[in-house]
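Undergrad: Supplied in structure tokens, the structure appears directly below.
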Amino acid sequence: MSSLPPYASTGQKVWFYSFRVICGLIFFFLIAPIITIIPLSFNAEDFFTFTPGMLALDPDAYGLDHYRDFFTNPDWQQPLWNSVRIAPMATLLSVAFGTLAAIGLSQSHVPFKGAIMAILISPMIVPLIISAAGMYFFYSRIGLQGTYLGVVLAHAALGIPFVIITVTATLVGFDKSLTRASASLGADPVTTFFKVQMPLILPGVISGGLFAFITSFDEVVVVLFVGSAGQKTLPWQMFIGLREQISPTILAVATILVVISIALLTTVELLRRRSERLRGMSPG
Amino acid sequence: MTDNTADTPAGPVLAADGRPLKASLNRALRAQKIRALLLIAPLLLFILITFILPIADMLFRSVENQIVRETLPRTVAAMEEWENHDEAPGEDVYAGLYIDLFEAAEFRRHTRVGSRLNYEMTGISSLFRQAGRGVGRFDTDIYTDQFTDLDAAWADYATWTGLMGDSAIRAALPETAAAFDTWVRITIEANEDDPAEENIEDFVFFSLYRDLAGSGYSGSNALLSAAADAVGGFDSISIRDQFEDLDEDWLNPELMETIWVYSPSYTPGYFLTAIDMQLSADGITAQPEDRQIYVTLFGRTLFMSLVIMGSCVLLGYPIAFLLANLPMRVSNILMILVLLPFWTSLLVRTSAWKVLLQQQGVINDILVWVGLVADDARLQLINNQTGTIIAMTHILLPFMILPLYSVMQTIPPSYVRAAKSLGATDWTAFWRVYFPQSIPGIGAGCILVFILAIGYYITPELVGGRTGTFISNRIAYHISSSLNWGLAAALGSILLGVVLILYWIYDRIVGIDNVKLG
């Protein structure tokens, strides 16, 4: 498939190239919407399409107005600040609980492993609207609805499956004899954990944490129900903006978020390679 | 097998410390298990509280219906005696309803039960709201006047506390005792007044009249005996007529039937509503045509999820095939094109589609510019099913490509080459050899996309308009707008059931442990 053999018939050649064109079109479908909004966000006017000036590459047709609005308008700054306050706390909780549990789960004799795993993974499987409904009902009963703590707990619960999955995957390749060696040299379990095990599983923990972070940072359904106006996050503000009066500032926000996701994607990819190299699974 | 341990002493094998090896091993294992469980316990507890209990709460709310019985206890109890359900019940039920509504109105609970019953029969809410104001103005004051005319002591709070402190009298006058307790509770808790300084409400005298006129009084209390002798000559009113004066609908048997049908503490009513059925006097029947929306909505959700799943297979298969068969270096670079949308915020992708698909948006502009579409006939691509399907296919495509890709990577290329060397055409080699081996990937991807699609909320809400919405949008509507939480919970429980069954199938095919990220 990677290249055309010299003896290929005309039909095979036609198919080979048309298949590539089809794939190219699908890649275009995948990536074009994300790419298109980037130039649109520099539109000097309040339009959602390319103005004639933009197509003519007239510098006057481009501007940073929408970015200026994002960085000065309290309607956007307050949600940004809320997101920045909520996501790291939720991530911290998911990573702390999740890593501990993943280490427990990777021991060789865990009773009810299947059932425990199913419960821990369940926040990822249950549709968000159902989690949101349940949390809204239950958190209103116990007075957590509409509080910062409620949103953090809800987001931590949603992020935990990602931490569990990535950290257990890392632990699969972990060589148990290393902890035994450390113990035989006189280290207590805590020292062994922090000096031997932790550095080795750190890539998995960090990428699990990044997943948890992006889950919380992107999440809108649960916060919409569990939170109140005081916890309005960036995605929530975008959701309102898209539903009610759509303002071009959304495109500027979207562009910034795309840049953040590219940064996160790169980090996760680098960590994955490092982790695989450490475990000797691939030359990377 | 020969026993080659014949020369060792008989009995269990011993460990170094002299214990049997088996016991020793068990002990070590138990310690290991406990350690593992201790590591897991904090998270398990955390998930139970923050996630599992909320889900359980939702399931509970989908059948819970205590509000009617709690707010209208006397009415419900009196309805046990109601025999002919084609006619409005008798005086007893309305007497109970009068006191229940009076109490509920004082505690401002009558509107809540009104809105609850309004889900089942339109119009009840306003009836209850009106009755909350009306019951205080019923003509029951004639009893108050007649009792106090008979003996002024009846107006004294002290007289009442004296009578009600006597358990024999309480037993002889059960309705009166309950009504008096209710009045004291209303005065203290709802109005924050001192009962001793307030006038005793009419409904207490009304109950006293009913007790004395109904079963008389044969005790030794002089005040009560005098009253019991006098009630025969009292003017009386029909409380049922009072309700009729308030609104004729109160005598509508259907209304009373609705209260009766929804009086149990647990009801299948919400689930029945969620499948377009209803609980009525004749048992379970179909909803009237114009209220049948949920089966259609579930059907549409399933249908659109299937379409989205199908388009994801169509678009994802070639990409996964290409990625799996290109050299690692190239495919890693192309993989970024798949992972970037995967990592990009859902809201970003939805806003991109919202912008692109608008009538004045980029796609319509291009179509007009190319000449495929006239400027005055721009395509309606958003706020309908098309919009939802396009945007969600784009959003869920990576979830199809990634499992397909990981399965395709494991298919040895030599099989296809072997097929070709045996004379198979390209198509036969693909269809008979390669494709069957990629089916597990298709299965995994399809179920994953389908599970994600049927629970989607944000994208259908933003680009779906009226015709492209899913069941989840209806759930959200019932939680935040119509406040019919029970119905929202029932719809959610059904959706949860569907997802769990699909997930169980997914676990069977792929296994939870094989969930890969990125």
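Undergrad: Between A:LEU92 and B:ASP139, what FRET efficiency comes out of the Förster formula 1/(1 + (r/R0)^6) with R0 = 60 Å and r the beta carbon distance, rounded to 0.05?
TA: Here the calculated transfer efficiency is 0.35.
Undergrad: Could you pull the Rg and Dmax for region B:224-281, using just the Cα atoms, both in Å?
TA: Reported Rg and Dmax, both Å: 19.3, 60.
Undergrad: Right, next: Pairs A:LYS113/B:LYS22; A:LYS195/B:LYS22; A:LYS195/B:LYS33; A:LYS113/A:LYS195: which exceed 32 Å Cα-Cα?
TA: Result: A:LYS195/B:LYS22 exceed 32 Å.
Undergrad: I would also like to ask the following. If I build a Gaussian network model for chain A, linking alpha-carbon pairs within less than 10 angstrom, which residue out of A:ILE160, A:ILE206, A:ILE142 has the largest mean-square fluctuation?
TA: A:ILE142
Undergrad: Please check: in the Gaussian network model of chain A (C-alpha springs, under 10 Å), which one of A:TRP15, A:TRP81, A:TRP236 has the largest mean-square fluctuation.
TA: A:TRP15
Undergrad: Counting only other chains, and only Cβ atoms inside 10 Å, what mean value do you get across the residues of A:32-40?
TA: Average per residue, whole number: 6.
Undergrad: Going by how many other beta carbons lie within 10 Å of each one, how would you line up A:CYS23, B:CYS446, B:CYS312, fewest first?
TA: So the residues, fewest neighbours to most, are A:CYS23, B:CYS446, B:CYS312.
Undergrad: Show me the ranking of peptides B:496-508, A:32-44 by mean Cβ neighbours inside 10 Å, starting with the highest.
TA: Going from most to least packed, we get A:32-44, B:496-508.
Undergrad: Same structure again: Counting only Cα, what are the radius of gyration and maximum Cα-Cα distance Dmax of region A:1-157, in Å?
TA: Looking at region A:1-157, its Cα Rg and Dmax stand at 25.6, 73 Å.
Undergrad: For Cα pairs less than 8 Å apart in space and 6+ apart in sequence, what is the mean separation divided by the residue count of chain B, i.e. the relative contact order in percent?
TA: For chain B, the relative contact order is 15 percent.
Undergrad: Would you calculate the separation in nanometres between label points at B:ILE336 and B:TRP431, each defined as 7 Å from the Cα along the Cα-to-beta-carbon direction?
TA: So the label points at B:ILE336 and B:TRP431 sit 3.9 nm apart.
Undergrad: Taking amide H positions as placed in the peptide plane 1.01 Å from N, state which residues far from B:SER280 in sequence (5 or more) or on other chains have amide H under 5 Å from it.
TA: The answer is B:THR285.
Undergrad: What ranking of A:LEU57, A:LEU25, B:LEU101, A:LEU144 emerges when the number of other C-beta atoms within 10 Å of each C-beta is taken as an exposure proxy, fewest first?
TA: Placing the least packed residue first, the sequence is A:LEU57, A:LEU25, A:LEU144, B:LEU101.
Undergrad: Among A:THR249, B:THR386, what is the fewest-to-most ranking by other Cβ atoms within 10 Å?
TA: B:THR386, A:THR249
Undergrad: Could I ask something else about it? So for chain B, Kirkwood radius off the Cα pairs, Stokes-Einstein at 4 °C and 1.567 mPa s: how many µm² s⁻¹?
TA: For these conditions, the coefficient is 43 µm²/s.
Undergrad: Once both labels are modelled 7 Å past Cα along the beta-carbon direction, what's the B:THR410-A:THR147 spacing in nm?
TA: 4.7 nm
Undergrad: Say R0 is 56 Å: what FRET efficiency, to the nearest 0.05, do B:ALA222 and B:GLU248 get from their beta-carbon distance?
TA: 0.80
Read-outs throughout are calculated quantities, based only on the coordinates presented, and are distinct from any laboratory measurement. This structure is a prediction, so every number in the text was calculated from the model and none was measured. Note: ideal-geometry Cβ built from the backbone for every residue, glycine included; neighbour counts use all protein chains shown.
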